[in-house]
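Student: Here it is: the structure, laid out below.
The values are calculated or read from the model by the stated rules, or taken from the named source; none is laboratory data. This one's a predicted model, so the numbers in the text were calculated from it and none came from an experiment. Note that each Cβ is placed from the backbone with ideal geometry, even for glycine, and that neighbours are counted across all protein chains shown. Side chains included, ligands, DNA and RNA excluded: accessible areas come from the protein's heavy atoms. Shrake-Rupley method; radii C 1.70, N 1.55, O 1.52, S 1.80 Å.
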Amino acid sequence: MKPTVGLIGLGLMGKPMARNLLKAGFPLAVSNRSAAKADDLVQEGARLVANPRETAAQADVLITIVSDPPALEEVLWGVDGALAGLRRGSAYIDSSTISPDLARRVAAACAERGVDFLDAPVTGGDWGAKAGELIFMIGGKPETLERVKPVLEAMGKRFFLLGPNGAGQTVKLAMNLILALEVDALAEALALVTHAGVAGERLIEVLQSSMARAGVLDVKAPLILKNEFPRSFPLRLMHKDMRLALDLARQQGLTLPTTAAAYATYTAVKDASTDDPDYAAVARFWQTAKSKAGGEAP
């Protein structure tokens, strides 16, 4: 008998994760702030549950993946919150991207209830979620990971146990910081060459053959060149993760000047956007600057 899995959060990542759990044969209970998002999953065999508390009560293994720390706090401690429904002996995996401090607070609350907890944020984009090829960055006990690994293997391909609770979130924030800076630097370099009259494609050709080669080029450079930014990871969430990284740095007495400068650029684009674009849309910063300059390089 496979354990019953509860999953809360059916966004860009959560929904394909839920679908892969169903494909792997796990009994699945789901809940989401917008219940209509579960309609197709229900047709595929999932059970729609009214609220987080009931979802947790039905789950041997609970998974949450929501947008930010306030959303997770509401899911866990709000009205009909999941923590009150978790059964002693069950396991809880949070795959949201939150602060390490909040992860440790959740771990302490779970320990009081006799519940095993992993902070296990993911990377791989929505395409990785759909393919069941996510990478999990995990904080928690090795025995908890071994216990829930069959569930994780339905959704991912690599599982890095990085230390005690909070370690998964720490590494996820650092990794997203690097991705944000890479894309920001790429957009800035493309702005430089195109303002100087060289096609952006020429820069990408050279980058792909140089020490500056990075996997992010394959995914984000085409979006920037086409000026089309369908979401695989929304800019608003990357902006949130950069803020969390800066908060963590301040707690450690660190200054991150490059991150702070990039955060200002992402903030300007986020505040000016009327849509909900991918974080590659940070390139709009230089497009706006060129427009304001009357077509001349800023």
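Student: Please indicate, with yes or no, whether at least one residue in the stretch 271-280 is assigned to a helix (DSSP H, G or I), at pLDDT 95 or above, over 18 Å from Ser67 (Cα atoms) and within 16 Å of the chain's Cα centre (by Cα).
Tutor: yes
Student: What are the residues in the stretch 54-84 that are open to solvent by less than 10 Å² (accessible area, probe 1.4 Å) and part of a helix (DSSP H, G or I), if any?
Tutor: Of everything in the stretch 54-84, those that are open to solvent by less than 10 Å² (accessible area, probe 1.4 Å) and part of a helix (DSSP H, G or I) turn out to be Thr55, Ala56, Leu72, Leu76, Ala82, Leu83.
Student: Quick one: would you say Val75 is touching a residue at least 60 places away in the same chain (Cβ under 8 Å) and among the aliphatic types (A, V, I, L, M)? Spell out how you get there, then give the answer.
Tutor: Details: touching a residue at least 60 places away in the same chain (Cβ under 8 Å): yes; among the aliphatic types (A, V, I, L, M): yes.
The answer is yes for Val75.
Yes or no, residue by residue, for (1) more than 21 Å from Lys2 (Cα to Cα); (2) within 18 Å of the chain's Cα centre (by Cα); (3) modelled with pLDDT under 95; (4) not hydroxyl-bearing (Ser, Thr, Tyr):
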position	(1), (2), (3), (4)
Thr55	no, no, no, no
Thr64	no, yes, no, no
Pro69	yes, yes, no, yes
Gly81	yes, no, no, yes
Arg87	no, no, no, yes
Ala91	no, no, no, yes
Asp94	no, yes, no, yes
Ala103	yes, yes, no, yes
Ala108	yes, no, no, yes
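Student: Let me ask something additional. Going residue by residue through the stretch 87-98, is there one that turns out to be in contact with a strand residue (DSSP E or B) (Cβ under 9 Å, 6 or more places away or on another chain) and assigned to a helix (DSSP H, G or I)? Break it down into steps so the answer makes sense when it comes.
Tutor: So the first thing to find is which residues in the stretch 87-98 are in contact with a strand residue (DSSP E or B) (Cβ under 9 Å, 6 or more places away or on another chain), and the list is 89-98.
Filter once more, so that each one left must be assigned to a helix (DSSP H, G or I): none.
So far as the stretch 87-98 goes, no, none of its residues is in contact with a strand residue (DSSP E or B) (Cβ under 9 Å, 6 or more places away or on another chain) and assigned to a helix (DSSP H, G or I).
Student: Could you list, in sequence order, the residues of the stretch 86-99 that are within 29 Å of Arg236 (Cα to Cα) and in contact (Cβ under 8 Å) with a residue 40 or more places away in the chain? Even if it seems obvious, please write down each step before you answer.
Tutor: Of all residues in the stretch 86-99, those within 29 Å of Arg236 (Cα to Cα) come to 92-99.
If the condition is that a residue be within 29 Å of Arg236 (Cα to Cα) and in contact (Cβ under 8 Å) with a residue 40 or more places away in the chain, then Ile93, Ser95, Ser96, Thr97, Ile98, Ser99 are the ones that fit.
Student: Oh, and also: With Arg236, Arg284, Arg243, Arg231 as the choices, which residue is at pLDDT below 95, surrounded by 13 or more Cβ atoms within 10 Å (Cβ to Cβ) and of a type in the set (Lys, Arg)? First the steps, then the outcome.
Tutor: Numbers: Arg236 fails: at pLDDT below 95; Arg284 fails: at pLDDT below 95; Arg243 fails: at pLDDT below 95.
Within the list Arg236, Arg284, Arg243, Arg231, the selection yields Arg231.
Student: Out of Ala260, Ala221, I need the residue that is closer than 19 Å to Gly125 by Cα and in contact (Cβ under 8 Å) with a residue 12 or more places away in the chain. Which one?
Tutor: Working: Ala260 fails: closer than 19 Å to Gly125 by Cα.
Among Ala260, Ala221, only Ala221 is closer than 19 Å to Gly125 by Cα and in contact (Cβ under 8 Å) with a residue 12 or more places away in the chain.
Student: Okay, moving on. May I ask you to list the residues in the stretch 214-223 that are modelled with pLDDT of 95 or more and either within 19 Å of the chain's Cα centre (by Cα) or not in a helix (DSSP H, G or I) (or both)?
Tutor: Correct list: Lys220 only.
Student: What are the residues in the stretch 252-267 that are surrounded by 11 or more Cβ atoms within 10 Å (Cβ to Cβ), in a helix (DSSP H, G or I) and over 21 Å from the mean Cα position of the chain (by Cα), if any?
Tutor: Thr258, Ala261
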